[in-house]
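The values are calculated or read from the model by the stated rules, or taken from the named source; none is laboratory data. This structure is a prediction, so every number in the text was calculated from the model and none was measured. When we count neighbours, we look across all protein chains shown, and the Cβ atoms used for this are built from the backbone with ideal geometry, even at glycine.
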Amino acid sequence: MELPFAESWKIKMVEAIRKSTREEREEWIKKAHYNVFQLTSDQVYIDLITDSGTGAMSDQQWAAMMVGDESYAGASSFFNLKAMIKQITGFDYVIPTHQGRAAENVLFSYLVHEGDVIPGNSHFDTTKGHIEGRKAIALDCTIDEAKDTQLELPFKGNVDIKKLEDALIKYADRIPFIIVTITNNTAGGQPVSMQNMKDIRCLADKYNKPVLFDSARFAENAYFIKTREEAYKDKTIKEISREMFDLADGMTMSAKKDGIVNMGGFIATRKEEWYEGAKGYCVQYEGYLTYGGMNGRDMNALAIGLDENTEFDNLETRIRQVAYLAERLDEFGIPYQRPAGGHAIFVDAPKVLTHVPKEEFPAQTLTIELYLEAGIRGCEIGYILADRDPVTHENRFGGIDLLRLAIPRRVYTNNHIDVIAVALKNVFDRRESITRGVKILWEAPIMRHFTVKLERLS
């Protein structure tokens, strides 16, 4: 008999979590203005708001933290991190930052200017915010098939090559670079194929444009290339990662995802011009060049995390847990972005809450209902996150409206996954009775989903 699949790690430390009552949750979410970001952590039973900075570090990472070098300049921990980044990516120039959005802020302060157009595949919230905050345009060139959540396609995160070339012709000198998000979070944690990256590189060379990777989940993307592209089935994750980065000129990374640290990020590039242009902004916004926004101990932990998480077993354990949640939702007939993504399940909210109009934000409504049901905190990746159009100031309803259930790395067991699935089934079973959503009482002009205040309609 074949042995069942088991995790590639064992549990060494636990943290207590508390169940709450429905009455408590109704009071808490109301005080939070129906925005789950405003809940306190002790008001949450199972926290799926993000996989960013919420993973469990390994014993080797904790050991590395104990020998972190906290020198202001020239810390050995920086050179440990730089060497690991160079080994995985091939990039010579590294600027550490405190997280991914800081990396974007530093690099985009040099690269992005008013009137620029940045084509890419479904720019995530901070990326779009840093572009539009500089009065530039984030142009989505994702393949149209990504909007069909029930379509089974192995690389739904891909850039549409025709859309990209049309943009390169139309906007020409207004495009400072092409950005590719691996994996594509906004489209449902969907990967980008190696072939698509090669096609992007060919276009970039044809029109003399550099390519930047948003690389928060590059290792998960490499896993999908290995398991879904025949030519890569015998290659290691590190070999695939290196081939991916050979197709780019630089990267930004929120290391809180595939680096499995609680805080950290970086810019890496082969372009000395980008490094020289961005490093002054690092000193201005983050800190000196050999620590940026990071402690020495965190740089040490990140170096180990990048090494460990570019191994197949570690990624397989993580991604199979996401797939297990998908299997449970399949049992209940709950629609989600198919196939299952690398870091999360993205439930297709308008297909669940069919009576809630788009103007009342179905995904946010489903997020609230799941929290009320069982104290499970997900996150809306949809119409509220999309912000308003900077020209018309109208809500952007053109994308997909999803409830993201992001699974922290090495944190929850499959028993927790079962609780999540059944809680969502309970909401799904009473979906016909949910006919109203929420309305916005107050919102910030950019990245409003973090602080928006809502009212529940009845």
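Each residue in segment 230-249 was checked for being without any contact (Cβ under 8 Å) to a residue 60 or more places away in the chain and not basic (Lys, Arg), and 8 of them qualify. Here Gly292 meets each of (1) at negative phi; (2) surrounded by 17 or more Cβ atoms within 10 Å (Cβ to Cβ) with one exception, condition (1).
Taken over segment 389-418, the criterion of being surrounded by 16 or more Cβ atoms within 10 Å (Cβ to Cβ), over 26 Å from Ile17 (Cα atoms) and of a type in the set (A, V, I, L, M) is satisfied by Ile400, Leu402.
In this structure, does Thr310 turn out to be surrounded by 24 or more Cβ atoms within 10 Å (Cβ to Cβ) and either at pLDDT 95 or above or not aromatic (Phe, Trp, Tyr) (or both)? For Thr310, the condition - surrounded by 24 or more Cβ atoms within 10 Å (Cβ to Cβ) and either at pLDDT 95 or above or not aromatic (Phe, Trp, Tyr) (or both) - is met. For segment 215-249, a tally of residues being of a type in the set (A, V, I, L, M, F, W, C), assigned to a loop (DSSP other than H, G, I, E, B) and surrounded by 24 or more Cβ atoms within 10 Å (Cβ to Cβ) returns 2.
Might you check whether a residue that is crowded, with 24+ Cβ neighbours inside 10 Å, over 26 Å from Leu329 (Cα atoms) and not small (Gly, Ala, Ser) occurs anywhere in segment 183-192? Full working, then the answer.
Going residue by residue through segment 183-192, those that are crowded, with 24+ Cβ neighbours inside 10 Å are 183-192.
The next check asks that each one be over 26 Å from Leu329 (Cα atoms); those that pass are none.
No: zero hits.
Please tell me if Ile200 is in a helix (DSSP H, G or I), buried (at least 18 other Cβ atoms within 10 Å of the Cβ) and touching a Phe, Trp or Tyr at 6+ places or on another chain (Cβ under 7 Å). Here the answer is no, as Ile200 does not meet what is asked. Entry remark, segment 124-140: residues being of a type outside the set (D, E, K, R) and in a helix (DSSP H, G or I) number 5 in total. Residues that are assigned to a loop (DSSP other than H, G, I, E, B) and of a type in the set (A, V, I, L, M) within segment 10-64 comprise Ile11, Met13, Val14, Ala16, Ile17, Ala32, Leu39, Val44, Leu48, Ile49, Ala56, Met57, listed in sequence order.
Residues in segment 144-170 that are among the basic types (Lys, Arg) and exposed (fewer than 14 other Cβ atoms within 10 Å of the Cβ): Lys162, Lys170.
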